[in-house]
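Note sheet for the following structure.
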Amino acid sequence: MSYCTAIDTMPAARQALHRAYHDHHYGFPIEDDNELFGRLLLEINQAGLSWETILRKEASFRQAYNNFDIVTVAAYTDADRTRLLADAGIIRNRLKVNAAIENARTILGLQQQHGSFAGWLARHHPQSKAEWVKLFKQTFRFTGGEIVGEFLMSIGYLPGAHSATCPVYPRVLATQPKWLTSA
């Protein structure tokens with residue numbers, strides 16, 4: 001069952017949360033580096049948990065990580081790590097917190113080399129999922145196949161976010177997601 005149809009089978013209280021993400025964010029291209037970093041951070045934190053848990057905590061993540069500002073997160077100190085690990089509004093996992101900080105620092109380097117995180121992604125497009133996973137594992141921390149696949153699908157680099165019969169699908173196509181140019 002695809003995410004598109006699974007939402008309809010959820011209790012009404014859960015549908016609104018998923019529908020907002022599905023209809024307005026999932027599969028749509030992102031060019032802003034801070035938002036790309038934020039999406040990667042959320043995907044990493046989802047590992048081992050439900051996406052619903054992450055959606056419910058998204059505002060807390062945004063607040064805890066300074067609105068996903070890469071420069072600010074890259075400058076986090078041990079005191080920031082301690083603060084994050086004590087924040088009940090986010091996932092308090094040392095490996096995931098450390099990955100967020102280290103990945104922000106990595107993105108700063110990518111920005112210096114490629115102008116932006118978005119530019120680095122575009123430079124490596126198109127690739128198969130397996131090639132992307134290898135690249136991400138070489139570049140970032142805490143990025144396995146599922147995390148990389150979902151991240152790239154969620155930002156329009158890999159197909160599959162929406163079924164062709166989904167009412168959102170034509171809106172995603174209108175944004176010219178990157179996967180269209182590799183088809």
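The condition of being buried (at least 20 other Cβ atoms within 10 Å of the Cβ), under 28 Å from SER163 (Cα atoms), in contact with a helix residue (DSSP H, G or I) (Cβ under 9 Å, 6 or more places away or on another chain) and at pLDDT 95 or above does not hold for PHE61. Apart from one condition, GLU146 fits all of (1) loosely packed, with under 14 Cβ neighbours inside 10 Å; (2) assigned to a loop (DSSP other than H, G, I, E, B); the exception is (2).
Cβ-Cβ below 7 Å, separation at least six or inter-chain, first residue in segment 6-23 and surrounded by 11 or more Cβ atoms within 10 Å (Cβ to Cβ), second of a type in the set (A, V, I, L, M, F, W, C) and outside any helix (DSSP H, G or I): which pairs? Final answer for the pair search is HIS18/MET10; HIS22/VAL168; ASP23/VAL168.
Restricting GLU35, GLU31, GLU102, GLU52 to residues that are among the charged types (D, E, K, R), under 18 Å from GLU146 (Cα atoms) and within 16 Å of the chain's Cα centre (by Cα) narrows the list to GLU52. Looking only at segment 15-45, residues that are more than 21 Å from CYS166 (Cβ to Cβ) and part of a helix (DSSP H, G or I) come to 11 in all. The selection criterion, being under 20 Å from ASN67 (Cα atoms) and among the β-branched types (Val, Ile, Thr), holds for VAL97. For segment 163-180, a residue qualifies if it is within 16 Å of the chain's Cα centre (by Cα) and either surrounded by 21 or more Cβ atoms within 10 Å (Cβ to Cβ) or part of a loop (DSSP other than H, G, I, E, B) (or both), and exactly one does: PRO177.
Suppose we filter ILE101, ILE30 for residues that are aliphatic (A, V, I, L, M), in contact with a helix residue (DSSP H, G or I) (Cβ under 9 Å, 6 or more places away or on another chain) and touching a residue at least 60 places away in the same chain (Cβ under 8 Å); which single one remains? So that I can check it myself, show each step before the final result.
Values: ILE101 fails: touching a residue at least 60 places away in the same chain (Cβ under 8 Å).
Among ILE101, ILE30, only ILE30 is aliphatic (A, V, I, L, M), in contact with a helix residue (DSSP H, G or I) (Cβ under 9 Å, 6 or more places away or on another chain) and touching a residue at least 60 places away in the same chain (Cβ under 8 Å).
The values are calculated or read from the model by the stated rules, or taken from the named source; none is laboratory data. Note that the coordinates shown come from a computational prediction; the quantities given were computed from them, not determined experimentally. Positions of Cβ are backbone-derived with ideal geometry, glycine not excepted, and every protein chain shown enters the neighbour counts.
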